[in-house]
1. Work out how much length E82 to L19 would gain on full extension: take 0.36 nm times their residue separation and subtract the Cα-Cα distance, in nm to one decimal.
2. Go through region 154-171 residue by residue and turn each phi into a ³J(HN,Hα) via Karplus (6.51, -1.76, 1.60, θ = phi - 60°); whole Hz please, and just put x for glycine and proline.
3. Set the bar at 24 Å for Cα to Cα. Now go through K87/K145; K87/K162; K116/K145; K116/K162 and name every pair that lies beyond it.
Amino acid sequence: MTLDSSVMNVSMATVAQDLGTTITGIQTAITLYTLVMASLMITGGKIGAIAGRRRVFGTFGGFESEAERLAETHKLLKWGLEGFHTKQLLAADEVVGEASVYGGKTDSLPLRVQEKVSVLAPVGHPEAVQARIVYERPLPAPIQKGDQVGELQIWVGDTLSKRADLHAAETVESGTLRQRAFGAVAELLVGWLRQFSWAG
């Protein structure tokens, strides 16, 4: 708004001459524009605080009339403001899945998020939101409760929308010698199969 007013003040004489009006008329138009913009900024800020913040960027060109441009602008704004909603996927400290553990008293570990996880999702298309648990498998014991052991990736369609750290929901102590030996053999076989599968 400040930039717009500054530009108009600098080019006021040229604009007045091109439009066939006076400098006083241009000054009045600038004043009215500034007042309207200031009022809308306050109102828009309040609406944003209530409804949630959204950013909509658009570039238009090639329209044959002002009415066509306004119609397409309205469609874009409606889609950007009403086509998406903030959806809470997980509550704070909620368990989201399990990870495999190597050399522990148990062979699995529940994973949880520390903070609630929300995402901006398209309205009417819940299938577009998918979550993936990512970690270096298997996790070596011992593991302390609260340790960060992985990452939760939230995808909206083909776009990675959000990442959240995954933490151990409980402690896994080192297993007995027999458990560790069995885990080593199992990981040797599974790791070989995994490597063979990736190579293929």
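Read-outs: derived from the displayed coordinates by stated rules, not from any lab. Since the model is a prediction, treat every value here as computed from it, not as a measurement.
1. Between E82 and L19, full extension yields an extra 18.8 nm.
2. Running phi through 6.51 cos²θ - 1.76 cosθ + 1.60 with θ = phi - 60° gives 9, 10, 10, x, 9, 10, 6, 8, 7, 10, 9, 5, 10, 10, 5, 7, 7, 8 Hz.
3. Working: K87/K145 28 Å; K87/K162 12 Å; K116/K145 18 Å; K116/K162 12 Å.
Listed pairs above 24 Å: K87/K145.
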